[in-house]
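Single-structure report; data block below.
The values are calculated or read from the model by the stated rules, or taken from the named source; none is laboratory data. Everything quoted here is computed from the prediction, not taken from an experiment. Reconstructed Cβ throughout: ideal geometry from the backbone, glycine too, with neighbour counts over all protein chains shown.
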Amino acid sequence: ECTGGSYRDPATGSTIVLSPSTRLQETYFKYTGSNPALAVVTPVSSVAALLVYGTGVPSDYPVQLRQVAILLGLGNNDISSVQPTDVTATAADASLAGQYGIAVAMLSEMMKDKPGTYNNPDTLTSALLASMRGGLVDSVTKADMQAALANYSASPQNIFVPQALLSASSPFAMNLAAGNAGGTLTTQSNTLSNEAAYVSGSALAYGLPIT
């Protein structure tokens, strides 16, 4: 769990400084031996981590993250080690990293557009979590996402994302629209301990949340 700190907001261009008591984002990460652990911490990882807290075991995290990625427009992809493009400073492309950066910008735009509903990263992830409890994004939240994507596309803050990557016919927008098309997504726990999952090769072993 990351608390405090600051980040550059894609929707407003402002640097947001959070108090030490404000929870920013969360993730799970895999740690093996003395090797450095790669932890990508975003609103997307936070939703997956919170789903694991409530219903699963740590080794469920990759499955939850993949399912959250589907619902947020990133397709059926493993994004656990993908560093999203910082669209406030770098040109985005059609790669998975570029689309991940677009997803983060869309979520940022949701906070800008509807501050009464999503007034900070903590309430945003809580709202996303609530909207996905049944395995699908509810219609109100999906409409907020699609409106935010359109608004970010037209925003003067969008300097680095080509319009072709944000249009209704773009892969990201089409994935976002179709995120629920496969029916309700549910996590099937592998029922193995972390150690057993790691040894069997049937799942990745993930440790405790980052603190």
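When residues in the stretch 88-106 are screened for being crowded, with 24+ Cβ neighbours inside 10 Å and of a type outside the set (Gly, Ala, Ser), 4 of them pass.
Within the bounds of the stretch 39-48, is there any residue that is part of a helix (DSSP H, G or I), at pLDDT 65 or above and of a type in the set (S, T, N, Q)? Break it down into steps so the answer makes sense when it comes.
Start the filter on the stretch 39-48 by keeping residues that are part of a helix (DSSP H, G or I), which leaves 43-48.
Pick out the ones that are also at pLDDT 65 or above and you get 43-48.
Of the ones still in play, those that are also of a type in the set (S, T, N, Q) are 45-46.
Checked against the condition, which is being part of a helix (DSSP H, G or I), at pLDDT 65 or above and of a type in the set (S, T, N, Q), the stretch 39-48 yields at least one hit.
Can you find a residue in the stretch 74-81 that is buried (at least 17 other Cβ atoms within 10 Å of the Cβ), at positive phi, at pLDDT below 90 and of a type outside the set (A, V, I, L, M)? Within the stretch 74-81 (the criterion being buried (at least 17 other Cβ atoms within 10 Å of the Cβ), at positive phi, at pLDDT below 90 and of a type outside the set (A, V, I, L, M)), the answer is yes, since at least one residue qualifies.
Tallying residues that are surrounded by 13 or more Cβ atoms within 10 Å (Cβ to Cβ), over 14 Å from Leu129 (Cα atoms) and at pLDDT below 65 within the stretch 1-37 yields 10.
Yes/no matrix, rows are residues, columns are (1) assigned to a helix (DSSP H, G or I); (2) without any contact (Cβ under 8 Å) to a residue 60 or more places away in the chain; (3) farther than 23 Å from Pro10 by Cα:
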| site | (1), (2), (3) |
| --- | --- |
| Asn76 | no, yes, yes |
| Ile79 | no, yes, no |
| Ala89 | no, no, no |
| Met111 | yes, no, no |
| Asn119 | no, yes, no |
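Among the residues of the stretch 105-127, not a single one is at pLDDT 90 or above and on the phi > 0 side of the Ramachandran plot.
Restricting attention to the stretch 121-133, and to residues there that are among the aliphatic types (A, V, I, L, M) and in contact (Cβ under 8 Å) with a residue 40 or more places away in the chain, which single residue is surrounded by the most Cβ atoms within 10 Å (Cβ to Cβ)? So, considering only residues that are among the aliphatic types (A, V, I, L, M) and in contact (Cβ under 8 Å) with a residue 40 or more places away in the chain, the one surrounded by the most Cβ atoms within 10 Å (Cβ to Cβ) is Leu128.
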